[in-house]
Structure formats: C-alpha cells, structure tokens
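Just below is one structure, and these are the notes that go with it.
The values are calculated or read from the model by the stated rules, or taken from the named source; none is laboratory data. On a predicted model such as this, the values are computed, not experimentally measured, just so you know. When we count neighbours, we look across all protein chains shown, and the Cβ atoms used for this are built from the backbone with ideal geometry, even at glycine.
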Amino acid sequence: MPEANDPRVYFAAERTLLAWLRTGLGIVGLGFVVSRFGLFLRLVAHPKAEEAQAIGSAGIGVCLVLVGGLVIVGATVQHVRFRRGLTPGELPLGYWTGFAVWSSVLVAAMIFALAAYLASA
C-alpha cells in the first residue's frame, strides 16, 4: 500500500499536464495546416492568381488554433489547482514544480500570437 506522502502523485499529475500540452499542440498543428490548405489549393488551381486566402479554411484553422490554446490553458489551470491541494510530502524535494506550468503558459502565449497572425493574414 503506497504512503500518503508520495511524490509519484505529483509526477503523475505533471505527466497528465504534459500529455494535454501535446494534445493542444497537435490541435494547433492541425489548425495551422487547415488554415494554410485553402491557400495551397487556390494556388494549385490558379498559379498566376494573386495570393488570396480562402476564408472558410482560414476561419476553421484559426478556430482550431484557438481551441488548442484553450486546451493548454485549461490543463494548466487544472494542474495548478491540483498542485495546491498536495501536501508538502507529496511534492518532490529539490524539484522546481513550476517548470511545467511556466512552459505551458509560454506555449499558450505563443499559440495565441499565432492565432492572431493567422487571423490577420
């Protein structure tokens, strides 16, 4: 039977956060591809046409990028809430427990900047 103060509880929560981070990045990647796919199809159909973007694929792509960012933000908030409920014995000694959170926040900020760029382009 495991002890009540087990740092493996924290590491399991951190792995879950990182899994959601990967899921969010996958959704963002799909959104970026969808956003640019309409432009690709238009250029293949009319190579000499001006660079015009298909509004439908761009809108869907930006929405997917935003959903991926929101998935990451939600997972980060959930992880922070869980971490606050842990006892000091369940946190690993000498381990910076904020690294995964700050990494997720930085990635989410870059994702929202990408969404703004895709929406404006």
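Can we say Val62 is part of a helix (DSSP H, G or I), surrounded by 18 or more Cβ atoms within 10 Å (Cβ to Cβ), aliphatic (A, V, I, L, M) and in contact (Cβ under 8 Å) with a residue 40 or more places away in the chain?
yes
Suppose we keep only residues that are more than 21 Å from Ile60 (Cα to Cα) and out of contact with any helix residue (DSSP H, G or I) (no Cβ under 6 Å at 6 or more places or on another chain) within segment 8-38. Which one would you say is modelled with the lowest pLDDT?
Arg8
Contact list please: Cβ distance under 6 Å, first residue in segment 22-46 and more than 15 Å from Tyr117 (Cβ to Cβ) and free of Cβ contacts under 8 Å to residues at least 12 places away in the same chain, second residue aliphatic (A, V, I, L, M) and part of a helix (DSSP H, G or I), pairs at least six apart or on different chains.
Filtered contacts from segment 22-46: no entries.
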